[in-house]
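I have placed the structure first, in the form of structure tokens, so that the comments after it can refer back to it.
The values are calculated or read from the model by the stated rules, or taken from the named source; none is laboratory data. Just so we're clear, the structure is a prediction, and the values are computed from it rather than from any experiment. For neighbour counting, all protein chains shown are included, and Cβ atoms are generated from backbone atoms with ideal geometry for every residue, glycine included.
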Amino acid sequence: MSAPHGNQAALLCVPFAGAGPSFFHPWRELAAGRWRVTSVELPGRERRILQTPYRNVVEAAKNSVDDIVADLGEGTPTVLFGHSLGAVLAYELAHLLSMRGIPVERLVVSGSPGPWTQRERRASGLPDEEFLARVEEFAGFRHEALDHPEMRELILPTLQADCEMHENYLPSTDAPLSVPICSLRGSCDGLVSAEEAQQWQAATTGAFSYAEFEGDHMYLVDLGREVLDVIEAESAHG
């Protein structure tokens, strides 16, 4: 099967906890001509809001891979980008896509310790109010939808499921990837230290690079263009 979008490379974005594909829609314009920007659509948000969210990263990756391959088109060179929860989900997908005829050119992880590092501070299992306060503290960021009771009722179960699957994540394999990994971090990220962000070097037998941006854990909210520029520069290095 030939790629439906010609051979233009794709940038496959994997959302962080509570987020959906729309977070990355502005990146389409910012990436114009460089990649076709597409996103993983997980249940429990946006167009799939009524579907039950996953609580396990490995299961989420395995059950999403068919749709992703169909969207990308076999043989389409692909860069994977994931932030926080999205980073470990992208790592699992990188293993799976490589076996499914999708050439993964690079894995770009953001705001995440290496995949074998367990999260020490947890939000899972807390009562709703405490849970939201903890997540807000973790992320340094509050989603305004959480201030609207009806929206909150829709979003909260997915956010709780996302946090649970992130905090309980164990990699499906100890085998490192062969694709290059680039790890990104906000310079003031209180959740992930520079040392932890550089643990990703052990997750690949290929090249590894590391870059920091001004900002905290959610630096990428305001720095989409800068993130894409770094990914492009990395890709130019081969």
**OP:** Starting from region 37-59, keep only residues that are free of Cβ contacts under 8 Å to residues at least 40 places away in the same chain, then list their pairs with residues that are among the β-branched types (Val, Ile, Thr) whose Cβ atoms are within a distance under 8 Å, requiring at least 6 positions of separation or different chains.
**Re:** Ser39/Val14; Pro43/Thr52
**OP:** Scan Ala87, Ala31, Ala17, Ala10 and give me the residue that is under 28 Å from Glu164 (Cβ atoms), touching a helix residue (DSSP H, G or I) at 6+ places or on another chain (Cβ under 8 Å) and aliphatic (A, V, I, L, M).
**Re:** Ala17
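Which residue is farthest from Asn56 (Cα to Cα), if the candidates are limited to region 161-198 and must be part of a helix (DSSP H, G or I) and touching a helix residue (DSSP H, G or I) at 6+ places or on another chain (Cβ under 8 Å)?
Across region 161-198, the extreme among qualifying residues is Cys163.
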Original post:
Residue check, Ala145 against (1) in contact (Cβ under 8 Å) with a residue 24 or more places away in the chain; (2) assigned to a helix (DSSP H, G or I), all met but one. Which one?
Top reply: (1)
**OP:** Quick one: Ala10 ticks every box in (1) surrounded by 15 or more Cβ atoms within 10 Å (Cβ to Cβ); (2) farther than 17 Å from Glu232 by Cβ; (3) in contact with an Asp or Glu (Cβ under 9 Å, 6 or more places away or on another chain) except a single one, so which number is it?
**Re:** (2)
Original post:
Is there a residue being in a helix (DSSP H, G or I), modelled with pLDDT under 95 and under 22 Å from Glu137 (Cβ atoms) anywhere in region 225-237?
Top reply: no
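In region 48-55, is there at least one residue being at pLDDT 90 or above and within 17 Å of Gly82 (Cβ to Cβ)?
Pass one, region 48-55, residues at pLDDT 90 or above: 48, 51-55.
Of the ones still in play, those that are also within 17 Å of Gly82 (Cβ to Cβ) are 53-54.
Yes, there is a match, as at least one residue in region 48-55 is at pLDDT 90 or above and within 17 Å of Gly82 (Cβ to Cβ).
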Original post:
How many residues does region 213-238 contain that are closer than 12 Å to Cys182 by Cβ and of a type in the set (Asp, Glu)?
Top reply: 2
Original post:
Of all the strands (runs of 3 or more DSSP E) wholly in region 1-99, which have at least 3 residues that are under 15 Å from the mean Cα position of the chain (by Cα) and farther than 24 Å from Ile181 by Cβ?
Top reply: none
Original post:
Which ones in region 129-155 are of a type outside the set (A, V, I, L, M, F, W, C), surrounded by 11 or more Cβ atoms within 10 Å (Cβ to Cβ) and either in contact with a helix residue (DSSP H, G or I) (Cβ under 9 Å, 6 or more places away or on another chain) or modelled with pLDDT of 80 or more (or both)?
Top reply: Glu130, Arg134, Glu136, Arg142, His143, His148, Arg152
**OP:** Report, ordered by the first and then the second residue, all pairs with beta carbons closer than 6 Å, sequence separation of six or more or different chains, a first member in region 168-191 that is touching a residue at least 40 places away in the same chain (Cβ under 8 Å), and a second member that is in a strand (DSSP E or B) and surrounded by fewer than 21 Cβ atoms within 10 Å (Cβ to Cβ).
**Re:** Leu177/Thr204; Ile181/Thr204; Ile181/Phe208; Cys182/Ser209; Ser183/Tyr210; Leu184/Ala211; Arg185/Glu212; Gly186/Phe213
Original post:
Which condition number does Ala233 fail, the rest of (1) without any contact (Cβ under 8 Å) to a residue 40 or more places away in the chain; (2) aliphatic (A, V, I, L, M); (3) buried (at least 17 other Cβ atoms within 10 Å of the Cβ) being met?
Top reply: (3)
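Please state which one of Thr117, Thr158, Thr78 is on the phi < 0 side of the Ramachandran plot, in contact with a helix residue (DSSP H, G or I) (Cβ under 8 Å, 6 or more places away or on another chain) and crowded, with 21+ Cβ neighbours inside 10 Å.
When all the criteria are applied, what remains is Thr78.
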